[in-house]
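Peer 1: One structure, as structure tokens, below. Some questions next.
The values are calculated or read from the model by the stated rules, or taken from the named source; none is laboratory data. Bear in mind that the values here come from a model prediction, so they are computed numbers and not experimental data. Glycine gets a Cβ as well: all are built from the backbone with ideal geometry, and neighbour counts include every protein chain shown. Side chains are part of the model used for accessible areas, which takes the heavy atoms of the whole protein and leaves out ligands, DNA and RNA. Shrake-Rupley method; radii C 1.70, N 1.55, O 1.52, S 1.80 Å.
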Amino acid sequence: MHKKFDHKGFEKKWQEQWQKDNLYKAGDRDKSKSKEYVLVELPYPSGNLHIGHWYAFAVPDIYVRYRRMNGVQVVYPMGFDAFGLPAENAAIKRNLNPREWTEGNIEYMKGQLASMGNAFSWDKTASTIDPNYYKWTQWMFTQFFENNIAYRGKGIVNWCPGCNTVIANEQVLSDGTCERCSNEIEKREMPQWMLRITNYADRLVDDLDDLNWPEHIKDSQRNWIGRSKGAEISFKLSTGDDITVFTTRPDTLFGATYVVLAPEHKLITDNKEKISNWSEVEAYIKTTAKKDEQDRLNDTKEKTGVKLEGVTAINPANNEEIPVYIADYVLASYGTGAIMAVPAHDERDFAFAEKFEINIITVVRAKGESSASNEKNEKSILFTDSGELINSGEFDGMDSEEAKVAITEKVGGKLTNTYRLRDWSVGRQRYWGVPIPIVYDPEGKPHIVPKEHLPWTLPEDVDFRPTGEAPLAKSAELKKRTEEIFGKGWTPEVETMDTFVDSSWYFLRYLDNANDEVFTSLDVQKDWMPIDIYFGGAEHTTMHLLYSRFWQKALFDLGLVNVQEPYQRRINRGLILGPDGNKMSKSKGNVIDPDEQVARVGSDTVKMYLAFMGPYGEVSNYPWDMGGIAGLHRFLERVNGLSEHISETEPKEITKLLHKTIKKVSEDIPEFKFNTAISALMVFVNSVEKQSLTKESYDAFLRLLAPFAPHLTEELWALAGNSGSVHTAEFPAYDKTLSKDETVTIGVQINGKLRGDITLSPEATKDEALDAVITKPRFAPYLTAKPAKVIYVPGRILNLIVND
RNA sequence: GCCGGAGUGGCGGAAUCGGUAGACGCGUGCGACUCAAAAUCGCAUCUCGCAAGGGGUGAGGGUUCAAGUCCCUCCUCCGGCACCA
């Protein structure tokens, strides 16, 4: 029966009570319990909690509460990632200081978070704009600088004209736009603060193997890092230089009929006197320099290039003299910026060789072929698979894979890997970020700001509106501060750090946030790290998740952290769409405001609705459905009326169903299948409504439901006369015997066709099952002869094969 | 092009050591209550068929007593990478 309840009458009351009782404080590590560190991605204080935050924080809360009720000491912290462009832009729009704006938002959002009624460990929190936080961000940076992990590099960077700053490779989307503002990214050459994430490429790939992460996330990271196994091989040039190329196919070296350099390659300008067609070459270099990435991609069908007249190379395998070209299909930023071209076995080289009429030599053929496949048919001349070698002197007949090693050895090459990953560009020409703690001496040499001067505070006396120049350059205070501490002629670094730096280590600070000596003591880390489960969004796969893994490894190498991998398990959630099936956006007018929903139907309903939509941890999109949320509200109203069915005794059926429900819920929660757990709870309620249950069963049910509907269950728990909080009660355990069915109904197939069912004990024998069929007239018409074969799977199926 | 993942009612989704496909919820239809409406309750709801029965999990093959689940060939959608040597 439906019994309406007034969520406003008790949700706030219990939230305040829980806070007063410090119910969810994680406290110090209690070694008598096992620990679990459950992390959710800390929010950006945009000023308003949206439905995505609810999905991100309220649903994992079910898991956290469940584990606590099972006696696990769970730390479930929350904080704010408060530096960064959106806050800065929003503040500029409102003509506010970003600090005022952000801090105001944090306060407001804390109130909104409270309305969720989550079991957050508020004693473990951090905010990245807190000077006591960013002090350590800066200190880590200085450690990285001193250990050559952070460096001032020169190179081509991604400039976002919308954000007025440089951004990292990871922050450029595959269509060449900015992940924040969707503006088209420009390439610029300028000095940049970089972190040597590339030095960690192998570990970042290899250590993925042991992580309990969804395979598609690991694959995305592997793709992003883009490790290729191959070899570096040197070719002698007629200029006297050696040119090193990278190839994944050293087995095809005998088929290398020319060499190609990227137009930006240093050896070209170094040898301009020796290049007889220099003006032509120079013109080509200029043309390609003008093309942006996008043009270069669009031009892939038509290969272009210029031969370096007067320069030749020697193929080290057969000492043949071969021509040298420059072409923009070879990228300066990948490998060595030079390739050996094997037109018979590489599509791009093939296209180029055909256009420039260069020699094509087949050196690999499919195994077992008597002739090279390409000799049979002109059109199939290209063969990119591996196979066995031909036209390769002493290596003829050798398998491609073996030949890779053998040929590399013979020519004195080196087996090596190369990567797609580039170093992480972390300097930003914006105001609202952590100042890079570097100062320059009068010669312009960079030095770290020593620990006693940290935090190296963000100056206040600047016009922070973005112009493309770093706003900190305009701070008289920063300039003065630098000269006072370091001496006349010293100047401060004026760039701030990428926000992704701040969020690369926040989970460590949560644990020991009052520590003034170190960012987090090793003892505390040993208590809690690694993070057992990290819930988050798919957008972080090759950004935050990659950066923070690198950061942790870099700290590990400096002896500052206890584990190499921060996150043991990763769960990516899906996306909540608007009721129209589109991504929620103000312009589409399809935004669901969680505050409105909570006011209307209550926090418990919103939480359960989100948990019921589909399995958590599968990246799919769920449209918000007003009818759907009403269904969950109805369910909780029925729960509210359930106490009317309490009686002295209950049918055996209800006892058994309760234990089956406990079993199902306890199995589903750890797998984040909250949807099917809720479904089981609904089945139980549907059944009880027609019958009765004891007070004992009622209490057990409340505890079962407590992680999903913390407020209502707490209210009903108290109304039922129980003492203490339902959330500190033990989660019910199921009785194995009671959770099993005494009889099962199984399908009966005759010749593989379903003809009906029989009900019998799960342990019934084949003969008993056959008897049940024979005595049921329903089956008689089909049993025209004695079954030739009987397949019986107890509790599952009975299949009779009747030959007629 | 390469690497992953996914295709099940009108909708969200259940069911995969191969064993009664469509749990649970939404929506819809009919009925009850009501002067009426809302709320609530009951029944129905994959599809064709009065029924008996037939068909059905993106398409087509295959293995099996039995296939949403395994194998092969395709198609579509989603995510990552992409002139990456």
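Peer 1: List the number of the failed condition for A:GLN568; all other conditions in (1) under 20 Å from the mean Cα position of the chain (by Cα); (2) more than 14 Å from RNA strand B (Cβ to nearest atom); (3) open to solvent by less than 40 Å² (accessible area, probe 1.4 Å) hold.
Peer 2: (3)
Yes/no per residue for (1) more than 11 Å from RNA strand B (Cβ to nearest atom); (2) more than 25 Å from A:LYS404 (Cβ to Cβ); (3) crowded, with 20+ Cβ neighbours inside 10 Å:
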position	(1), (2), (3)
A:CYS178	yes, yes, yes
A:ASN183	yes, yes, no
A:ILE217	no, yes, yes
A:SER228	no, no, no
A:PRO250	no, no, yes
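Peer 1: Against the conditions (1) of a type outside the set (S, T, N, Q); (2) more than 8 Å from RNA strand B (Cβ to nearest atom); (3) modelled with pLDDT of 90 or more, where does A:TYR329 fall short? Just the number, please.
Peer 2: It fails just one condition, (2).
Peer 1: Which one of these does A:ASN169 not meet: (1) open to solvent by less than 40 Å² (accessible area, probe 1.4 Å); (2) in contact (Cβ under 8 Å) with a residue 12 or more places away in the chain?
Peer 2: (1)
Peer 1: Then there is this: Quick one: count up the residues across segment A:736-770 that are closer than 30 Å to A:THR655 by Cβ and open to solvent by 50 Å² or more (accessible area, probe 1.4 Å).
Peer 2: 12
Peer 1: Now for a different question. List, please: which pairs have Cβ atoms under 6 Å, are six or more places apart or on different chains, and start with a residue in segment A:20-42 that is closer than 21 Å to A:LEU522 by Cβ and at pLDDT 95 or above and end with one that is assigned to a loop (DSSP other than H, G, I, E, B) and among the hydrophobic types (A, V, I, L, M, F, W, C)?
Peer 2: Within 6 Å, the pairs are A:SER34/A:VAL72; A:GLU36/A:VAL72.
Peer 1: Of the conditions (1) over 26 Å from A:TRP159 (Cβ atoms); (2) within 14 Å of RNA strand B (Cβ to nearest atom), A:THR239 clears all except one; give me its number.
Peer 2: (2)
Peer 1: Next question, about the same structure. Let me confirm something: among A:ASP595, A:ASP580, which residue is open to solvent by 10 Å² or more (accessible area, probe 1.4 Å) and in a loop (DSSP other than H, G, I, E, B)?
Peer 2: Details: A:ASP595 fails: in a loop (DSSP other than H, G, I, E, B).
The unique qualifying residue is A:ASP580.
Peer 1: Suppose we keep only residues that are open to solvent by 10 Å² or more (accessible area, probe 1.4 Å) and among the hydroxyl-bearing types (Ser, Thr, Tyr) within segment A:520-553. Which one would you say is farthest from RNA strand B (Cβ to nearest atom)?
Peer 2: A:SER521
Peer 1: Can you tell me which condition A:THR649 does not meet? The list is (1) surrounded by 18 or more Cβ atoms within 10 Å (Cβ to Cβ); (2) not in a helix (DSSP H, G or I), and all the others hold.
Peer 2: So A:THR649 meets the others, but not (1).
Peer 1: Condition check: assigned to a helix (DSSP H, G or I) and open to solvent by 40 Å² or more (accessible area, probe 1.4 Å). Does A:GLY9 satisfy that?
Peer 2: yes
Peer 1: Oh, and also: For A:PRO787, are the conditions met, namely being open to solvent by less than 60 Å² (accessible area, probe 1.4 Å), within 13 Å of RNA strand B (Cβ to nearest atom) and out of contact with any Pro (no Cβ under 8 Å at 6 or more places or on another chain)?
Peer 2: yes
Peer 1: Need a quick list: helices (runs of 4 or more DSSP H) entirely within segment A:474-519 having at least 1 residues that are open to solvent by 30 Å² or more (accessible area, probe 1.4 Å) and within 18 Å of A:VAL434 (Cα to Cα).
Peer 2: Fully inside segment A:474-519 and qualifying: A:476-486.
Peer 1: Just wondering, is there one or more residues in segment A:130-152 that are under 27 Å from A:LEU454 (Cα atoms), basic (Lys, Arg) and part of a helix (DSSP H, G or I)?
Peer 2: Checked against the condition, which is being under 27 Å from A:LEU454 (Cα atoms), basic (Lys, Arg) and part of a helix (DSSP H, G or I), segment A:130-152 yields at least one hit.
Peer 1: Out of segment A:583-592, which residues are of a type in the set (Ser, Thr, Tyr) and either open to solvent by less than 40 Å² (accessible area, probe 1.4 Å) or within 25 Å of the chain's Cα centre (by Cα) (or both)? Spell out the reasoning first.
Peer 2: Of all residues in segment A:583-592, those of a type in the set (Ser, Thr, Tyr) come to A:585, A:587.
The answer is A:SER585, and nothing else.
Peer 1: When the residues of segment A:67-103 are narrowed to those that are among the small types (Gly, Ala, Ser) and at pLDDT below 90, which ends up nearest to A:ALA126 (Cα to Cα)? Please lay out each step first, then the result.
Peer 2: Filtering segment A:67-103 down to residues among the small types (Gly, Ala, Ser) leaves A:71, A:79, A:82, A:84, A:87, A:90-91.
If we keep only those that are at pLDDT below 90 too, we end up with A:87, A:90-91.
Working: A:ALA87: 17, A:ALA90: 22, A:ALA91: 22 Å.
My answer is A:ALA87.
Peer 1: Considering only segment A:109-125, how many residues are among the hydroxyl-bearing types (Ser, Thr, Tyr) and at pLDDT below 95?
Peer 2: 1
Peer 1: Which residue out of A:GLU650, A:GLU637 is in contact (Cβ under 8 Å) with a residue 24 or more places away in the chain, among the acidic types (Asp, Glu) and in contact with a Phe, Trp or Tyr (Cβ under 9 Å, 6 or more places away or on another chain)?
Peer 2: Numbers: A:GLU650 fails: in contact with a Phe, Trp or Tyr (Cβ under 9 Å, 6 or more places away or on another chain).
That would be A:GLU637, the only listed residue that is in contact (Cβ under 8 Å) with a residue 24 or more places away in the chain, among the acidic types (Asp, Glu) and in contact with a Phe, Trp or Tyr (Cβ under 9 Å, 6 or more places away or on another chain).
Peer 1: List the number of the failed condition for A:ALA351; all other conditions in (1) closer than 12 Å to A:THR304 by Cα; (2) within 10 Å of RNA strand B (Cβ to nearest atom); (3) surrounded by 22 or more Cβ atoms within 10 Å (Cβ to Cβ) hold.
Peer 2: It fails just one condition, (3).
Peer 1: Oh, and also: So, restricting to strands (runs of 3 or more DSSP E) that lie completely within segment A:385-453, which ones have at least 1 residues that are more than 16 Å from RNA strand B (Cβ to nearest atom) and either at pLDDT below 95 or under 30 Å from A:TRP193 (Cβ atoms) (or both)?
Peer 2: Strands (runs of 3 or more DSSP E) meeting the threshold: A:438-440, A:446-448.
Peer 1: I need the full set of residues from segment A:259-275 which are open to solvent by less than 60 Å² (accessible area, probe 1.4 Å) and over 42 Å from the mean Cα position of the chain (by Cα), in order please.
Peer 2: Matches in segment A:259-275: A:ASN271, A:ILE275.
Peer 1: Across segment A:725-781, what is the number of residues that are closer than 30 Å to A:GLU714 by Cα and among the hydrophobic types (A, V, I, L, M, F, W, C)?
Peer 2: 5
Peer 1: Moving on to the next point. Kindly indicate which of A:ALA344, A:ALA313 is modelled with pLDDT of 95 or more and either in contact with a Gly (Cβ under 8 Å, 6 or more places away or on another chain) or over 25 Å from A:THR198 (Cβ atoms) (or both).
Peer 2: Among A:ALA344, A:ALA313, only A:ALA313 is modelled with pLDDT of 95 or more and either in contact with a Gly (Cβ under 8 Å, 6 or more places away or on another chain) or over 25 Å from A:THR198 (Cβ atoms) (or both).
Peer 1: Right, A:LEU642: at pLDDT 95 or above, within 13 Å of RNA strand B (Cβ to nearest atom) and either open to solvent by less than 10 Å² (accessible area, probe 1.4 Å) or basic (Lys, Arg) (or both) or not?
Peer 2: No, not satisfied.
Peer 1: Which condition number in (1) outside any helix (DSSP H, G or I); (2) closer than 15 Å to A:TYR698 by Cα; (3) in contact with a His (Cβ under 9 Å, 6 or more places away or on another chain) is the one that A:LEU738 fails?
Peer 2: (2)
Peer 1: Need at least 3 residues that are within 16 Å of RNA strand B (Cβ to nearest atom) and out of contact with any Asp or Glu (no Cβ under 8 Å at 6 or more places or on another chain) per element, so show me which helices (runs of 4 or more DSSP H) inside segment A:666-727 make the cut, counting only ones lying wholly within it.
Peer 2: Answer list for segment A:666-727: A:674-688, A:695-705.
Peer 1: List pairs: first in segment A:336-348 and near RNA strand B (Cβ under 8 Å from one of its atoms), second assigned to a helix (DSSP H, G or I) and among the hydroxyl-bearing types (Ser, Thr, Tyr), Cβ under 6 Å, 6+ apart or cross-chain?
Peer 2: Matching pairs, first to second residue: A:VAL342/A:THR252.
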